[in-house]
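Heads up, the thing below is written out as structure tokens.
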Amino acid sequence: MNAPKFTPGPWRLDDDAFGSGIYVHNDDYHGVDAGRGYLDRDTMTGFNVCAHMSIADAALIAAAPDLFEACAHVERELTQYLDAMPADETSRALRDTLRAALAKAAP
């Protein structure tokens, strides 16, 4: 698996769409801040994205780094388990599903 190259977490929901203190109160317009610097202009890390999206979509985007790390952890544990139990086809299929998802997120 390739090491992820995306902005590390934390990512968070942020409905202050333009960093101006003007909060968006709209059911279909939300923002996500990403990275520890939340668009730190000194290091050029992090970003903010605002768009017409549901709160569910924005929450999923904000959770992406945590979800990636959770999947990577389970993939590592399943790989160790399968070293001892190579005949466990169910666990192998689960691990392969996780590897496919991780590869999609970290090309």
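The values are calculated or read from the model by the stated rules, or taken from the named source; none is laboratory data. Treat the numbers as computed from the prediction; the structure is a model and nothing was measured. Virtual Cβ from ideal backbone geometry, glycine too; neighbours counted across all protein chains shown.
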Total residues in the range 1-28, condition at pLDDT below 80 and aromatic (Phe, Trp, Tyr): 2
Flag if ALA64 is modelled with pLDDT of 70 or more, within 10 Å of the chain's Cα centre (by Cα) and surrounded by 15 or more Cβ atoms within 10 Å (Cβ to Cβ): yes
